[in-house]
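First up is the structure itself, then whatever we jot down about it.
None of the figures in this text is laboratory data; all of them are computed from the coordinates on show. All values reported here derive from a predicted model rather than from experimental measurement. Note that we place each Cβ from the backbone using ideal geometry, even for glycine, and neighbour counts take in every protein chain shown.
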Amino acid sequence: MLLVSHMRRVRAIISGRVQGVGYRAATATEARRLGIFGWVSNRSDGGVELEAEGPDDKVTALLGWCEYGPPQAQVTKVKVEELSASNTDREFKIL
């Protein structure tokens, strides 16, 4: 039996020491590895924001990765907001 994954889109705001440590590039690499579409960007408050869309299990895996990020990062919080799947992104971009 073939299982079809439910598509999920989230916005996540990551707080802590996440700028200047390669967080965006590492996030993009991980998202692309998982086959997730969306974007990641620095925020003016020192955090990082992303939107990610893909199969539910892959988005969940990316959010789990975001809890830690790359080795130099020190993540203190990941706030996640569920969004409606848009199916418009075709890649994962660093903004």
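For the reader, a short list of remarks on this structure follows.
- Most mobile listed residue (L83, L50, L62) in the chain, GNM with C-alpha springs under 10 Å: L83
- Annotation note: trypsin sites (Lys or Arg not before Pro) in segment 54-95 located in DSSP loop regions with a Cβ neighbour count of at most 10 within 10 Å are R90.
- The residues packed around K58, meaning those with a beta-carbon under 13 Å from its beta-carbon, carry a net charge of 0 if Lys and Arg are +1 and Asp and Glu are -1.
- Within segment 1-89, GluC sites (Glu not before Pro) in DSSP loop having at most 15 other beta-carbon neighbours inside 10 Å: E67
- Maximal additional length on extending the S41-D57 stretch stands at 3.5 nm, based on 0.36 nm per residue less the C-alpha distance.
- Residues R11 and E91, FRET efficiency given R0 of 22 Å [Cβ-Cβ distance, rounded to 0.05]: 0.80
- Sorted from greatest to least, the principal axis extents spanned by the alpha carbons of the chain come out as 44, 23, 20 Å.
- Highest-MSF residue in the chain out of V78, V21, V59 [GNM, Cα springs under 10 Å]: V21
- Taking the C-alpha atoms only, the angle from helix 23-34 to the longest principal axis of the chain is near 20 degrees.
- Cα-based helix-to-principal-axis angle, 56-66 vs the chain, degrees rounded to 10: 10
- The chain: calculated mean residue ellipticity at 222 nm from DSSP helix runs of at least 4, using -39500 (n - 2.57): -7500 deg cm²/dmol
- Here the spin labels are modelled as points 7 Å beyond Cα on the Cα-Cβ line, and at E82 and E67 they lie 1.9 nm apart.
- Only Cα pairs under 8 Å and 6+ residues apart enter the sum, and on that basis the relative contact order of segment 7-85 stands at 49 percent.
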